[in-house]
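Peer 1: Shown below is the structure under consideration.
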Amino acid sequence: MSPVTRRQVLAGAAGFAGALAIPSIAPTAAHAAAPAGFPTYQYLGQPLPASLAYNPTGELIFPCIRGMYDKISGARGRYYLYYAPHDAPGGICLAYGNSLSGPFTEHPANPIISRTWSPHYSVSHVSSPHVVWNASTRQFFMYYHGENTTTRLAISSDGINFTYYGTVLTTAMVPGTTEATYARVFEHRIAALGNKYVMVFMGLKSGRRIFWGWSNDGKSWQFDPNPLVSPAADGQSDLSGPHLLYRNNTTYVVYHGSSGDMFLTEVGNNFDKEIHLGVFHAALSGAPDNNRSAAPSFGTDGGVQYMFYEAGQRSGTKIAVARAV
């Protein structure tokens, strides 16, 4: 697929929307070459036990893998894996392990955050956890949604016991959107904005697109009203589950497309580009992906790169892990 620039997308959005069809899915994903020099990821397995004490809906989404060994003492494992069911009642869950290749042990007190947190909120579900280590305060910031119009923040010193902070993103903050969810936050400075953090998330506005915002403290945010990445140039109808990647002295967003594959777009260090580079990771046609892979989270263990992701069709999704080859 030839790269498509932000200028081309913005100039020809109407034409693209009517002309591009969703591409067929590759029969296997593991050996497709990734663009921009990124590694190829090959499916390794499912890191969680087959039988979980807390799995109320039989489907798990949105993994977030975090190393604990260099942040706190007394951690229950070198790595913490956060995840959640999608549908009601949802619930933010935790597992821990000493290797990214697994196995991981389910935390016995899941969910660590539930859909009711008196007196702060009571919603149908909470889901999509993303955890950031705030080195200056030595705290973990967790971003999660519930409902799909609202992204919330909770803060912890141990990665398990959280204190509610409040709402950081709603659809009212991004005019014209009716969903604002699946947020991930990263340290990334843009000199003109004077920020420390950026957030990428899915917004529903004439289809699901990737939006972004910026913050100096991870608590108070400003948001661009215009999409950062739109689906037409990828031949998709909707995008979701974005994750920021840095390579080649520039910045990329990897995200799930409605066809089931993950795609890659260069946005640049100032978030002023939109160069679509094609498929980043194609979903396996068989288990566990069943033609759908989404919501990647990345880590390195012993010099080996891993990708945790959401595998399978909705209502039957699993947490899977792939390893760079």
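The values are calculated or read from the model by the stated rules, or taken from the named source; none is laboratory data. The model shown is predicted, which means the values in this text are computed figures rather than measured ones. Neighbour counts are summed over all protein chains in view; Cβ atoms, including those assigned to glycine, are modelled from backbone coordinates with ideal geometry. Keep in mind that these areas ignore ligands, DNA and RNA; they rest on the heavy atoms of the full protein, side chains included. Shrake-Rupley method; radii C 1.70, N 1.55, O 1.52, S 1.80 Å.
Peer 1: Just to be sure before I move on: is SER73 of a type in the set (S, T, N, Q) and not in a loop (DSSP other than H, G, I, E, B) in the structure I sent? Break it down into steps so the answer makes sense when it comes.
Peer 2: Details: of a type in the set (S, T, N, Q): yes; not in a loop (DSSP other than H, G, I, E, B): no.
Spelling it out, it is not the case that SER73 is of a type in the set (S, T, N, Q) and not in a loop (DSSP other than H, G, I, E, B).
Peer 1: If you scan the stretch 180-200, which residues turn out to be within 20 Å of the chain's Cα centre (by Cα) and either farther than 21 Å from TRP117 by Cβ or open to solvent by 60 Å² or more (accessible area, probe 1.4 Å) (or both)? Don't jump to the end; show me each part of the working.
Peer 2: Quick first cut of the stretch 180-200, residues within 20 Å of the chain's Cα centre (by Cα) only: 180-189, 196-200.
Within the stretch 180-200, ARG184, PHE186, GLU187, HIS188, ARG189, LYS196, TYR197, VAL198, MET199, VAL200 meet the criteria.
So that you can scan it fast, the table gives a plain yes or no per residue for (1) within 22 Å of GLY213 (Cα to Cα); (2) open to solvent by 10 Å² or more (accessible area, probe 1.4 Å):
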site: THR251; (1), (2): yes, no
site: GLU274; (1), (2): yes, no
site: VAL279; (1), (2): no, yes
site: ALA282; (1), (2): no, no
site: PRO296; (1), (2): yes, no
site: GLY302; (1), (2): no, yes
site: GLN305; (1), (2): no, yes
site: THR317; (1), (2): no, no
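Peer 1: Does the stretch 258-294 hold any residues that are closer than 30 Å to ALA192 by Cβ and aliphatic (A, V, I, L, M), and which are they? So that I can check it myself, show each step before the final result.
Peer 2: In the first step, residues of the stretch 258-294 are kept if they are closer than 30 Å to ALA192 by Cβ; the result is 262-278, 280.
Matches in the stretch 258-294: MET262, LEU264, VAL267, ILE275, LEU277.
Peer 1: May I ask you to say which residue of GLY74, GLY58 is open to solvent by 20 Å² or more (accessible area, probe 1.4 Å), among the small types (Gly, Ala, Ser) and within 19 Å of GLY312 (Cβ to Cβ)?
Peer 2: Working: GLY74 fails: within 19 Å of GLY312 (Cβ to Cβ).
When all the criteria are applied, what remains is GLY58.
Peer 1: From the list LEU48, LEU100, exactly one residue is touching a Pro at 6+ places or on another chain (Cβ under 9 Å), open to solvent by less than 10 Å² (accessible area, probe 1.4 Å), among the hydrophobic types (A, V, I, L, M, F, W, C) and outside any strand (DSSP E or B). Which is it?
Peer 2: Numbers: LEU48 fails: open to solvent by less than 10 Å² (accessible area, probe 1.4 Å).
None of the other options fit; the residue is LEU100.
Residue by residue, here is whether (1) in a strand (DSSP E or B); (2) open to solvent by 10 Å² or more (accessible area, probe 1.4 Å); (3) in contact with a Phe, Trp or Tyr (Cβ under 9 Å, 6 or more places away or on another chain) holds:
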{"position": "PRO111", "(1), (2), (3)": "no, yes, yes"}
{"position": "PRO119", "(1), (2), (3)": "no, yes, no"}
{"position": "PRO129", "(1), (2), (3)": "yes, no, yes"}
{"position": "VAL132", "(1), (2), (3)": "yes, yes, yes"}
{"position": "SER136", "(1), (2), (3)": "no, yes, no"}
{"position": "MET142", "(1), (2), (3)": "yes, no, yes"}
{"position": "GLU147", "(1), (2), (3)": "no, yes, no"}
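Peer 1: Moving on to the next point. Here are some residues: SER206, SER258. Which one is farther than 26 Å from PHE140 by Cβ, surrounded by fewer than 23 Cβ atoms within 10 Å (Cβ to Cβ) and at pLDDT below 95? Quick ask: steps written out before the conclusion?
Peer 2: On the way: SER258 fails: at pLDDT below 95.
One residue alone meets the criteria, SER206.
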